[in-house]
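For reference, the structure is listed below as structure tokens.
The values are calculated or read from the model by the stated rules, or taken from the named source; none is laboratory data. No experiment lies behind these values; they were computed from the predicted model shown. Every residue, glycine among them, receives a Cβ derived from its backbone with ideal geometry; neighbour counts consider all protein chains shown.
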Amino acid sequence: MRWSAQELSKEQTGALPGLARLNNLVRSVRTPAFAGITFHEVLAKSALNRVPGQSAMPFGWTINPYRGCSHACSYCFARPTHTYLELDAGKDFDNEIIVKVNVAEVLRKELAKPSWGRHPVALGTNTDPYQRAEGRYRLMPGVIAALAQSGTPLSILTKGTLLRRDLDLLVEASEVIPVDLAMSIAIYDDELQQAVEPGTPSTAARLATVTAVRERGLDCSVFMMPILPFLTDTKAHLDAALRQAKAAGASNIMYTALHLRPGVKDWYLQWLARDHPELMPRYQELYAKGAYAPKEYRIWLAARIKPLIRAHGLERGREDPATGGVRSSALGRPQPGNPGAAASGPGYGQDPSSRFAGGRSAVAFPADDRDPIGRSASAGRTLSSADAAVRPAAYARTRRSLIEEELPPELAPTLF
Ligand code: SF4
């Protein structure tokens, strides 16, 4: 089927049962360039997703242009979210990809509401915004531009080397808003990496992307998430990983041990039983009581990796008060119209010649936490110095806990 021959006008009949219930399904598409994958194009009603319990959250909002992910990581904690569409959390998650073709257009409307508080927005917290389909659909440029033009800080976490395509845009955006970038690179053994994450770019290609980001003057964190017990937690692997990340220019490292929530556990253990049957008893024991690796294992892992992170000079950097991520080097640049931007905390300068001119130049929080995009009557207000002392700290603290501990299972299904 040729992509160019498709019309974005009518609903597809005969689609999969769960999808058929979506009255916003436009069409389902297969193409030889993406063998085995079906793209279900939908017209999204909303783009911004609120993370529950916002008062305690770091980035209160997320955007997921895609549901499902062809990167196909066997440990992916977002897998169970596919079951809401009567698709399975295994192969369907990898091969039945929902594409929100109008995400940028809808986002612009949401960001234009007077009550939008310009809370930091995270991309890549659930499914990867730079998975292969993005090469075809090009949704991210519109999303980045919309966020930058509205003065909304953004962060992106990805395994996709396609991020390089948008570096010009991201560099330009970083001149008006905080931009935090992170590459997820957890496995530094090529054979193992291809077995566990069969749809992802190689480790070498992702490291090269880190270098490309750094060469453009932006910071880039490397997320070693997850560390797989008995597979990637040896001192030799951790040391080699950190050495390569450092050589690539990583600004800092974040790590966490494997988390196996229900629905993911079965899929991961199926893979383990095939490729490493000798480890099954140890995993059954380690994850017998729940989704998280036991506290003893996490303490052991911390004692092993933290000295190595220090030795390689990859400790966590200074936190950005607005996004809760590591402070972006973009904020350290002198900026036209705001030479003090580097030292001014969450007030961001703006280049009037930028294509993003017109966005607001200070981060604002809504007066009412229930009112981020116009669901109550109260208007947004600009961040005060008192807020700067309190709210960003809460943002940073919670973002860190989300990233380091991974999302509590009860949150993940709500992130779309
Ligand atoms: S890249 Fe991220 S979202 Fe995609 S399958 Fe892997 S872990 Fe899941």
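For the structure I just gave you, tell me whether A247 is small (G, A, S) and surrounded by 17 or more Cβ atoms within 10 Å (Cβ to Cβ). So A247 fails the test. Looking across segment 144-161 at every residue that is surrounded by fewer than 23 Cβ atoms within 10 Å (Cβ to Cβ) and either more than 16 Å from the ligand (Cβ to nearest atom) or over 15 Å from C220 (Cα atoms) (or both), the one that is nearest to the chain's Cα centre (by Cα) is identified as A145. Of all the criteria given as (1) outside any helix (DSSP H, G or I); (2) within 14 Å of the ligand (Cβ to nearest atom); (3) surrounded by fewer than 22 Cβ atoms within 10 Å (Cβ to Cβ), the one not satisfied by D92 is (1).
Among the residues of segment 131-143, those that are touching a residue at least 12 places away in the same chain (Cβ under 8 Å) and either in a helix (DSSP H, G or I) or more than 9 Å from the ligand (Cβ to nearest atom) (or both) comprise R132, A133, E134, G135, R136, Y137, L139, M140, P141, G142, V143. Here the condition is being of a type outside the set (V, I, T), within 14 Å of the chain's Cα centre (by Cα) and buried (at least 21 other Cβ atoms within 10 Å of the Cβ); of L123, L139, it holds for L123 alone.
All of (1) over 17 Å from the mean Cα position of the chain (by Cα); (2) at pLDDT 95 or above hold for H82 with one exception: (2). Per the conditions (1) touching a strand residue (DSSP E or B) at 6+ places or on another chain (Cβ under 9 Å); (2) at pLDDT below 90, the sole criterion not satisfied by W61 is (2). Among all residues of segment 67-88, there is none that is buried (at least 22 other Cβ atoms within 10 Å of the Cβ), closer than 29 Å to A291 by Cβ, of a type outside the set (A, V, I, L, M, F, W, C) and away from the ligand (no atom under 15 Å from the Cβ).
Yes/no per residue for (1) modelled with pLDDT under 90; (2) within 16 Å of the ligand (Cβ to nearest atom); (3) closer than 27 Å to Y292 by Cα; (4) buried (at least 20 other Cβ atoms within 10 Å of the Cβ):
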position	(1), (2), (3), (4)
W3	yes, no, no, no
L8	yes, no, no, no
V51	yes, no, yes, yes
V99	no, yes, no, yes
W116	no, no, no, yes
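Within segment 162-174, being farther than 19 Å from Q131 by Cβ and crowded, with 21+ Cβ neighbours inside 10 Å holds for A173, S174. Here segment 179-212 is the region considered, the condition is being surrounded by 24 or more Cβ atoms within 10 Å (Cβ to Cβ) and over 28 Å from W267 (Cα atoms), and the residue that is nearest to the ligand (Cβ to nearest atom) is T209.
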